[in-house]
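Novice: What follows is a structure written as structure tokens; I'll ask about it next.
The values are calculated or read from the model by the stated rules, or taken from the named source; none is laboratory data. Quantities reported herein were computed from a predicted structural model and do not represent experimental measurements. Here the Cβ is made from the backbone with ideal geometry for all residues, glycine too, and neighbour counts use every protein chain on show.
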Amino acid sequence: MTIHHGRGFACINYPIGMNLGGDPSQALVHATPDGKFKVALSSIDLGQGIKSVGRQLAAETLGVPVEDVYVDTADSDTGPHDMGSFASRGTHRMGNAIIRAATEARRQMLEAAGEELEVDAADLVTDGRGNIHVKGAPSRSITVEDTAIAAQFTQGRTLAGRGIFLVPLSEVDADTGEMTPVSSFAHAALIVDLTVDDETGEVEVTAINSAYEVGRALNPKLVEQQLIGGAWMGVAHALYETTEPNYPDRAHGPEDFNHYLQPGPGDVVPHHISVLERPAPDAPFGGKGPGEMCANPVLPAIANGVFNAVGVECDSLPITPEKVLRGLRANGGARPQGTPGR
Amino acid sequence: MVVEYRKDLFADERADDFDVVGKPILRQDILGHVTGRSPFYDDHLFDGLLHMRCVRSPHHHARIRSVDASGAERMAGVVKVLSARDVPVNVNTLLSLINFGRDDEPLLATDKVSYVGQPILAIVATSVRAAEAAVQAVRVDYEELPFVLDVEEALKPEAPVVNAEYPNNTFDYADTYDHQKLRFGDVDKGFAEADHIVEATYQMSPIEQAPIETCGAIAAPETNDRITVYTSTQGLFFSVGVTAKQLDLNSARLHFIGGTVGGGFGGKVDSHHEPLAALACLATGKPVKYMWDRAEEMQVGAPRGGERWKIKDGVARDGRILARMFTGFFDAGAFTRLSSYAVQKSTGHLPGPYSIPNVASNVYCVYTNRTPSTAMRGFGITACDFAIERHMDKVARAVGMDPIELRILNAYRDGDMKAHRRAAKNCALIESCQVVAQKTGWALSGEAMRASSKIGGGEGALGLIPETVIDEEGRIGERRRTGLGPEPDAGQGARRRLPQGHSAHNSSAFGNAPQREDMAAEQERSGFKAPMAPTAPAPKPAEPAPVAPPAAAAPVTGGPSLPSAYTARPAASLPTPPEPPRPAPTAAAPPPPPPQPEDPARPHFQRAVKRPGVSRFLSGTRRR
């Protein structure tokens, strides 16, 4: 009848983008007559925020305010081909395609502005607030709006861009497994603190301390939502979730949320997150997708913490009170391992 | 919740002077989401909308003797009863769109069912209640068959055949083996040199993706002889392609709208709702909704698969892992879906973020009589990482070492050769470990705190592809005949040795530079500080990237006072590699492999392919 404290660690890396490549993504960018930009995609926004990240990448690359860019996605009549939103590929693949499309549109925008200002386009810069001016001479400027009007109504020029990003397909060698799976990896390390009740077998995670290396946090708030939600999913996987509680027997499969257990909002664990950014050379502005990898280290860290608390090996998920109690019984009681790192 | 950004780390590789990137800008769709106005697929309303429910198998495995839907067809509200005969191309596999694997899964079952919940008929009615009542009125005469639910049981010679397309209960890899191999170095030698052997088995549970919005689609007639499909899919053109193929329709007649989805987590890739809804729309001329209820979402919808991983490590007494062997089983359920892909993804991930000189694995995509599994967040990696990181703690205990110190000692670093024969780059595992240890007061040795992903990588043997022992065991069908065990070292067959540095050059490894000049981005605005800038456009796929050589005469920083484990790394005590195959520019760097000639007969991508068994909607070809 004791509450035992435990601490567990795990660290991981995660491959970003569809394994082996061969998964193209395309983007189209064009300007309206008054210099606002539309980005047409067929990406899926599942809540992860590809519309928002795509909008930021387009605005940054074009050099225009983010409010002047709108992402229209997933209408197969207007959005060019994309493989889909899975395998941490959205930001990496589509992000690169958007940057390429926006680069072409920017080039045309600067050409058009150069013609209006009678200067070489190479001497022009954007200020990110809707103006284009001569490098070092901010007074010699033209607005993006006037540039778009001139381009389309007098110069007969489109302000548009096409982008495709394709990681060439890699084969897998049948005998050695040689392959080029992906081009960049995200990283994470995590420590959980938890308690194990040796009477009920219940495990409660009390704190998570983590470090996630994400290349670049393209939008810190979107990164944070992923990391916080991912940690929640990690706790749920480790302690609660299963569609087949007697796997491989299929009996007693849950059919609703009364029987399919997940932590509730009140069970969100206090979490101290450190974000590291080592930009990946082939990722958009270096950003790696944080969405998938962030749940992964939580599962083994909790299992390692349970062992640390009571000396029970939990090698099969989820770690139910029943498994903990059976382990305690087999060991003849709790065997706390002492706080690690002391 | 506290979030801190460690901008001090890797600052030398990163420019941070952006207007929009890196800023916490509100989501584009936030107002619609928080006011409940964002249009999800089920928010599209139609007069006279029809609803679809399916007659499903109550058995794990059974032959269908007969189906009698005559009573159901006469019931009030029932508009149409669809069976396999109504589906132009009934059998499909999702990855046929990239030419990977054979068509193995019927949209509606014909002569047998292979899992509880498999659909046999789709009933379209004026209300959900009428459709459900009609489902109850269908009489199906089954002959129950023996079934198998455990992955290792399914590999045995006496196991019932789950999936007729793959009669050995395993997916075929490269038309050769019943599993995907990974061979790097010589694990037997590593085990022989080890002071400790640590072995264990790990089991992942099947897990529901649990999106708030259940999977589904609404197909409605559009003017001009087209069909509009509102869908929850995670891959818009995957679903277009599957629907065009299974309905044998020109995809120009399909107008798919999605992109605002109520959570997916991998469970909305399978594209089963769109073809059925579109088929019913074609058959009735009316808008049709096919949407799972929560019970279907949880028990018929494909979950994360129940993976099983066995790991055997050979460890030196100072904590260096000398050899690691994996046997992995992906429980695909009755049909392939995406499990075949996950096997290769996990293989590319082994042995985890560690540099281990000898690695071998056999990973299987196994068919069992359960709901097919599919993608879920972390697909192919989550269970594997659970196994690896549980195992690392056991290894730490075996050698009496701090678990974080053990990870840092074995962590991969820039320039290390990975088991899939590509050099590691852009590593940050060590720094992640250090940050988290530091902030929790987990005491690490000075050496571990000074270690760096950027220093010491690729030293000595760690930068090289080692001489590798290979075998030809586990050919398709062999296991069923002989009862061969699943582990890489189970067989007694002949072994061959591939020389040090061997590469099949099986990818055009020219990085992710654009294939065409006009796709070049502006590198000076891309946020990298030299020498990290992305590579320039490479119009021709020419030479595979050379293995990153260690910096010329890279002196080990930290000084001679550090224990060798953290400075010279495991390479120091590994046998010096034998003669490299060719003179190398620097001591440890192998020469760049020769240019790979383009084989015009095997292009990476084929468009508008029209040949038997190949989707006209081919978006690319995964060669096997």
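Results for (1) surrounded by 24 or more Cβ atoms within 10 Å (Cβ to Cβ); (2) within 24 Å of the chain's Cα centre (by Cα); (3) among the aromatic types (F, W, Y), shown as yes or no for each residue.
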{"residue": "A:V167", "(1), (2), (3)": "yes, yes, no"}
{"residue": "A:V172", "(1), (2), (3)": "yes, no, no"}
{"residue": "A:T176", "(1), (2), (3)": "no, no, no"}
{"residue": "A:E204", "(1), (2), (3)": "no, no, no"}
{"residue": "A:S210", "(1), (2), (3)": "yes, yes, no"}
{"residue": "A:Q225", "(1), (2), (3)": "no, yes, no"}
{"residue": "A:T243", "(1), (2), (3)": "yes, no, no"}
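Novice: Here's a follow-up. Of all residues being in a loop (DSSP other than H, G, I, E, B) and among the polar types (S, T, N, Q) in the range B:40-97, which is surrounded by the most Cβ atoms within 10 Å (Cβ to Cβ)? Just the residue, please.
Specialist: The qualifying residue surrounded by the most Cβ atoms within 10 Å (Cβ to Cβ) is B:S57.
Novice: Can you confirm whether A:S183 is at pLDDT below 95, within 30 Å of B:Q28 (Cβ to Cβ) and either assigned by TED's automatic domain parsing to the domain that holds A:G289 or of a type outside the set (D, E, K, R) (or both)?
Specialist: yes
Novice: Confirm whether B:A411 is in contact with a Leu (Cβ under 9 Å, 6 or more places away or on another chain), closer than 16 Å to A:A10 by Cβ and not aromatic (F, W, Y). Break it down into steps so the answer makes sense when it comes.
Specialist: On the way: in contact with a Leu (Cβ under 9 Å, 6 or more places away or on another chain): yes; closer than 16 Å to A:A10 by Cβ: yes; not aromatic (F, W, Y): yes.
Yes.
Novice: In this structure, is B:D17 over 30 Å from A:T126 (Cα atoms) and more than 30 Å from the chain's Cα centre (by Cα)?
Specialist: On the way: over 30 Å from A:T126 (Cα atoms): no; more than 30 Å from the chain's Cα centre (by Cα): yes.
It is false that B:D17 is over 30 Å from A:T126 (Cα atoms) and more than 30 Å from the chain's Cα centre (by Cα).
Novice: Then there's this: Can you list residue pairs whose Cβ atoms sit under 8 Å apart, with the first residue in the range A:137-149 being in the same structural domain as A:G63 (by TED's automatic domain parsing) and the second being part of a strand (DSSP E or B) and among the β-branched types (V, I, T)? Count only pairs 6 or more apart in sequence or on different chains.
Specialist: Listed by first residue and then by second, the contacts come to A:R140/A:V134; A:S141/A:I132; A:S141/A:V134; A:I142/A:I132; A:T143/A:I132; A:V144/A:T126; A:V144/A:I132; A:T147/A:I132.
Novice: Oh, and also: Out of the residues in the range A:287-308 meeting the condition of being small (G, A, S) and modelled with pLDDT of 95 or more, tell me which one is nearest to A:G21 (Cα to Cα). Can you show your working first?
Specialist: Going residue by residue through the range A:287-308, those that are small (G, A, S) are A:287, A:289, A:291, A:295, A:301, A:303, A:305.
Pick out the ones that are also modelled with pLDDT of 95 or more and you get A:287, A:295, A:301, A:303, A:305.
Working: A:G287: 18, A:A295: 23, A:A301: 31, A:A303: 33, A:G305: 37 Å.
Looking at residues that are small (G, A, S) and modelled with pLDDT of 95 or more, I get A:G287.
Novice: Then there is this: Across the range A:43-78, what is the number of residues that are assigned to a loop (DSSP other than H, G, I, E, B) and either under 22 Å from the mean Cα position of the chain (by Cα) or at pLDDT below 95 (or both)? Reasoning before the result, please.
Specialist: Step one: of the range A:43-78, the residues assigned to a loop (DSSP other than H, G, I, E, B) are A:43-44, A:46-49, A:63-65, A:74, A:76-78.
When the remaining residues are screened for being either under 22 Å from the mean Cα position of the chain (by Cα) or at pLDDT below 95 (or both), the result is A:43-44, A:46-49, A:74.
Result for the range A:43-78: 7.
Novice: Based on this model, can you work out whether B:E405 counts as more than 9 Å from chain A (Cβ to nearest Cβ), acidic (D, E) and part of a helix (DSSP H, G or I)? Steps first, answer last, please.
Specialist: Working: more than 9 Å from chain A (Cβ to nearest Cβ): yes; acidic (D, E): yes; part of a helix (DSSP H, G or I): yes.
When the stated conditions are applied, B:E405 passes them.
Novice: Now a separate question. Looking only at the range B:130-155, count every residue that is part of a loop (DSSP other than H, G, I, E, B) and either more than 14 Å from every other protein chain (Cβ to nearest Cβ) or of a type in the set (A, V, I, L, M) (or both) and tell me the total. Before you say what the answer is, go through the steps one by one.
Specialist: Pass one, the range B:130-155, residues part of a loop (DSSP other than H, G, I, E, B): B:138, B:145-150, B:155.
Filter once more, so that each one left must be either more than 14 Å from every other protein chain (Cβ to nearest Cβ) or of a type in the set (A, V, I, L, M) (or both): B:138, B:145-146, B:148-149, B:155.
So the answer is 6.
Novice: Within the range B:217-233, which residues are assigned to a strand (DSSP E or B) and of a type outside the set (K, R)?
Specialist: Those that are assigned to a strand (DSSP E or B) and of a type outside the set (K, R): B:A217, B:I218, B:A219, B:A220, B:P221, B:E222, B:I227, B:T228, B:V229, B:Y230, B:T231.
Novice: Residues in the range B:245-288 that are among the aromatic types (F, W, Y) and in a loop (DSSP other than H, G, I, E, B): how many? It would help to see each step written out before you state the result.
Specialist: Going through the range B:245-288, the residues among the aromatic types (F, W, Y) turn out to be B:256, B:265.
If we keep only those that are in a loop (DSSP other than H, G, I, E, B) as well, we get B:265.
Qualifying residue count, the range B:245-288: 1.
To keep it simple, each residue is scored yes or no on (1) within 8 Å of chain A (Cβ to nearest Cβ); (2) crowded, with 24+ Cβ neighbours inside 10 Å; (3) within 22 Å of the chain's Cα centre (by Cα); (4) not in a loop (DSSP other than H, G, I, E, B).
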position: B:R337; (1), (2), (3), (4): no, yes, yes, no
position: B:Y341; (1), (2), (3), (4): yes, yes, yes, yes
position: B:V359; (1), (2), (3), (4): no, yes, yes, yes
position: B:C365; (1), (2), (3), (4): no, yes, yes, yes
position: B:R377; (1), (2), (3), (4): yes, yes, yes, no
position: B:E389; (1), (2), (3), (4): yes, yes, yes, yes
position: B:A398; (1), (2), (3), (4): no, no, no, yes
position: B:D414; (1), (2), (3), (4): no, no, no, no
position: B:H420; (1), (2), (3), (4): yes, no, yes, no
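Novice: Of the residues B:S114, B:S96, B:S127, only one is modelled with pLDDT under 95 and among the small types (G, A, S); which? Walk me through how you get there before you give the answer.
Specialist: Working: B:S114 fails: modelled with pLDDT under 95; B:S127 fails: modelled with pLDDT under 95.
Result: B:S96 is the single residue among B:S114, B:S96, B:S127 that is modelled with pLDDT under 95 and among the small types (G, A, S).
Novice: Here is a follow-up. Which of the numbered conditions does B:G235 fail, given that it passes all the others? Conditions: (1) surrounded by 24 or more Cβ atoms within 10 Å (Cβ to Cβ); (2) more than 7 Å from chain A (Cβ to nearest Cβ); (3) within 30 Å of A:A295 (Cβ to Cβ).
Specialist: Result: B:G235 passes all but (2).
Novice: Only one of these conditions is not met by A:G177: (1) more than 7 Å from chain B (Cβ to nearest Cβ); (2) touching a Lys or Arg at 6+ places or on another chain (Cβ under 6 Å). Which number is it?
Specialist: All conditions pass for A:G177, except number (1).
Novice: Quick check on the range A:289-312: of everything there that is more than 9 Å from chain B (Cβ to nearest Cβ) and assigned to a loop (DSSP other than H, G, I, E, B), which residue is nearest to A:S88 (Cα to Cα)?
Specialist: It comes out as A:G289.
Novice: Of all residues in the range A:165-214, how many are part of a loop (DSSP other than H, G, I, E, B) and within 30 Å of A:Q337 (Cβ to Cβ)? Spell out how you get there, then give the answer.
Specialist: Step one: filter the range A:165-214 for residues part of a loop (DSSP other than H, G, I, E, B), giving A:166-169, A:171-184, A:198-202, A:214.
Among the residues that remain, those that are also within 30 Å of A:Q337 (Cβ to Cβ) are: A:198-202.
The qualifying residues number 5.
Novice: Sticking with this structure for a sec: Can you tell me which residue is farthest from B:Q209 (Cα to Cα) among those in the range A:246-268 that are touching a residue at least 12 places away in the same chain (Cβ under 8 Å) and out of contact with any helix residue (DSSP H, G or I) (no Cβ under 7 Å at 6 or more places or on another chain)?
Specialist: A:D267
Novice: How many residues does the range B:194-209 contain that are facing chain A (nearest Cβ under 7 Å) and either of a type in the set (G, A, S) or in a loop (DSSP other than H, G, I, E, B) (or both)? Walk me through how you get there before you give the answer.
Specialist: Kept after step one, since they are facing chain A (nearest Cβ under 7 Å), are these residues of the range B:194-209: B:200-208.
Now restrict to residues that are either of a type in the set (G, A, S) or in a loop (DSSP other than H, G, I, E, B) (or both): B:200, B:204-206, B:208.
Final tally of qualifying residues: 5.
Novice: Would you check which residues across the range A:313-331 are of a type in the set (G, A, S) and within 9 Å of chain B (Cβ to nearest Cβ) and list them?
Specialist: First, the residues of the range A:313-331 that are of a type in the set (G, A, S): A:316, A:327, A:330.
A:S316, the sole residue that qualifies.
Novice: Hey, does the range A:73-94 have a residue that's within 9 Å of another protein chain (Cβ to nearest Cβ), in contact with a helix residue (DSSP H, G or I) (Cβ under 8 Å, 6 or more places away or on another chain), among the β-branched types (V, I, T) and closer than 19 Å to B:D17 by Cα?
Specialist: Within the range A:73-94 (the criterion being within 9 Å of another protein chain (Cβ to nearest Cβ), in contact with a helix residue (DSSP H, G or I) (Cβ under 8 Å, 6 or more places away or on another chain), among the β-branched types (V, I, T) and closer than 19 Å to B:D17 by Cα), the answer is no, since none of the residues qualifies.
Novice: Separate question: Among the residues of the range B:437-458, how many are crowded, with 24+ Cβ neighbours inside 10 Å, over 28 Å from the mean Cα position of the chain (by Cα) and on the phi < 0 side of the Ramachandran plot?
Specialist: 2
Novice: Still on this structure, please answer the following. In the range A:314-342, which residue that is within 33 Å of the chain's Cα centre (by Cα) and surrounded by 18 or more Cβ atoms within 10 Å (Cβ to Cβ) is nearest to B:T440 (Cα to Cα)?
Specialist: Result: A:P340.
Novice: Could you tell me how many of the residues in the range A:264-287 are more than 9 Å from chain B (Cβ to nearest Cβ) and touching a strand residue (DSSP E or B) at 6+ places or on another chain (Cβ under 9 Å)? Give the derivation first.
Specialist: Of all residues in the range A:264-287, those more than 9 Å from chain B (Cβ to nearest Cβ) come to A:264-267, A:269.
Subsequent filtering for residues that are touching a strand residue (DSSP E or B) at 6+ places or on another chain (Cβ under 9 Å) retains A:267, A:269.
Residues meeting the conditions: 2.
Novice: Between a first residue in the range B:331-348 that is in contact (Cβ under 8 Å) with a residue 40 or more places away in the chain and at negative phi and a second residue that is part of a strand (DSSP E or B) and surrounded by fewer than 24 Cβ atoms within 10 Å (Cβ to Cβ), which pairs have beta carbons less than 6 Å apart while being 6 or more apart in sequence or on different chains?
Specialist: Every condition considered, the pairs that remain are B:F335/B:E105.
Novice: For residues that are in contact with an Asp or Glu (Cβ under 7 Å, 6 or more places away or on another chain) and not polar (S, T, N, Q), scanning just the range B:247-260, find the one that is surrounded by the fewest Cβ atoms within 10 Å (Cβ to Cβ).
Specialist: Among those residues, the one meeting the criterion is B:R253.
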